[in-house]
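Input: a single structure, listed below in structure tokens.
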Amino acid sequence: VISLVCGLLFGMFPALQTKLVDLNSTLKEGGRGTAASGGSSFRRALVVVEIPLSLILLIGAGITIRSFLRLRHVETGFDSSNVLSVRMGVNPAKYDSREKTVALYDEVQRRLAMLPGVQVTGITNSLPPIQNDANDSFTIEGRRAGAGDEAPIATVLLVDPGYFKALNIPVLRGRAFLDSDRVNAPRVAMISETLANRHFPSENPVGKRMKIGGAERANMPWMEIVGVVKDVRYDGLKGPIDLAYYMPYAQVPQRGQDIVIKTAGDPASLANAVRAVIRAVDADIPLLRVTTLEERMSQAVGEPRFQTTLLAVFSGIALLLS
């Protein structure tokens, strides 16, 4: 609407200007050009204003392009190459217990691992760089909150041992999760590098204990911190990295999980084979999403890319007009 109004307004202005000129008086003036000189002054004023405005727009476009290029090279904490992600729509009525849910994901991963070109598979509830499905507070054993202080909040991830391998997320201290970290095993957790630096600045967090929630959830079980992993971006590529802690999926299984598949070649070429495997396990399971992590990385910069392109085009047009 603004574009149409501007087009009509500036399109009609010259016609209105011509209509207001008294041609008879102008001819009698002997060509002294009073009206013309007035129009020329107005046009000169427009040019004087337009040039600095176009320069400001160009500077803004340059800054935006530089910011976009930096965004493309932000450290994400994971390797997105050759990774396919799949999210299944698990029916809660059919898979109504933890045991059934775990068995389903175990069987799907077992069959996927047999496909040619599949190197490793893993599962997670949140998928970088733009899918953060859960945040919750946490308590560190021996740390007393002050009066009125709330428990710190972090991204909560439910993953299996293969997740860190599939995305090549390095373990900085301690160990990663093991296949033996299951329901009947002692509760364990892993924390991100930023969480470790902020809450254990001068000590090794491995061996310490933490639990989900604050003082209001006193019955939550304690988890031993067994490892520290590199920071991973789950909330987009802009801004600071959030705190995060990881729990073994098999100890707190949920239905809404993504399966990540590290492949030797193009992951998209395995999409049909992956669909066939899941249908063979349960033909009633719909696939809510099948995509590569490279595509998700492209989506993460989609809006900044569009804004940068738009501003660059407008600044170029402004330069040409000037």
Theoretical gain in end-to-end length, Ala103 to Asn197 [0.36 nm per residue, Cα-Cα removed]:
30.2 nm
Quick one: what Rg and Dmax do you get for region 100-198 from the alpha carbons, in Å?
16.3, 58
What ranking, highest mean first, results for peptides 58-69, 77-88, 237-248, 5-16 when packing means the other Cβ atoms within 10 Å averaged over each residue?
77-88, 237-248, 58-69, 5-16
Hey, what angle do you get for helix 34-72 against the long axis of the chain, alpha-carbon based, 0 to 90 degrees rounded to 10?
10
Mind computing the radius of gyration and Dmax over the alpha-carbon atoms of the chain? Å is fine for both.
30.1, 105
What's the FRET efficiency of Glu216 with Ala93 using the Cβ-Cβ distance as r and R₀ = 35 Å, to the nearest 0.05?
0.65
Cβ-derived FRET efficiency at R0 22 Å, Ile51 paired with Phe13, nearest 0.05:
0.65
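Are there GluC sites (Glu not before Pro) in region 119-209 that DSSP marks as loop and that have at most 12 other Cβ atoms within 10 Å, and which are they?
Those that pass, being in a loop and sparsely packed, are Glu141, Glu150, Glu203.
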Size of electric dipole in the chain: Cβ of Lys, Arg +1 and of Asp, Glu -1, about Cα centre, debye, nearest 20
480
Using θ = phi - 60° and Karplus 6.51 cos²θ - 1.76 cosθ + 1.60, couplings along region 235-246 (whole Hz; Gly, Pro as x)
10, x, 8, 9, x, x, 7, 6, 5, 8, 9, 10
What's the magnitude of the charge dipole for region 132-251 around its Cα centre, counting Lys and Arg as +1 and Asp and Glu as -1 at the beta-carbon? Answer in Debye, nearest 20.
280
Mind listing the phi-derived Karplus ³J(HN,Hα) values for region 159-169, rounded to whole Hz, using 6.51, -1.76 and 1.60 with θ = phi - 60°, and x for any glycine or proline?
9, 10, x, x, 4, 5, 6, 5, 9, 6, 8
Charge dipole (the chain, unit charges on Cβ, about Cα centre) - positive-most of Leu55, Leu69, Thr155
Leu55
Helix 302-321 axis, angle to the chain major axis (alpha carbon atoms, nearest 10°):
10
Using the Karplus curve 6.51 cos²θ - 1.76 cosθ + 1.60 with θ = phi - 60°, work out ³J(HN,Hα) for each residue of region 257-270 in order, rounded to whole Hz, and write x for Gly and Pro.
10, 9, 9, 10, 10, 8, 10, 7, x, 5, x, 5, 5, 9
Helix 2-20: inclination vs the chain longest Cα principal axis, degrees, rounded to 10, gives 0
Quote the relative contact order of the chain in percent (integer), defining contacts as alpha-carbon pairs under 8 Å separated by 6+ residues.
30
For Val159, what residues show an amide H to amide H distance below 5 Å, using hydrogens built from the backbone and excluding near sequence neighbours?
Met247, Tyr249
Divide by every residue of the chain the summed helix terms, -39500 (n - 2.57) for each DSSP H run of at least 4, and state the resulting mean residue ellipticity at 222 nm, rounded to the nearest 500 deg cm²/dmol.
-13000 deg cm²/dmol
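Coordinate-derived values only; no laboratory data. The structure displayed is predicted, hence computed values, not measured ones. Here Cβ is always computed from backbone atoms with ideal geometry, including for glycine, and neighbour counts include all displayed protein chains.
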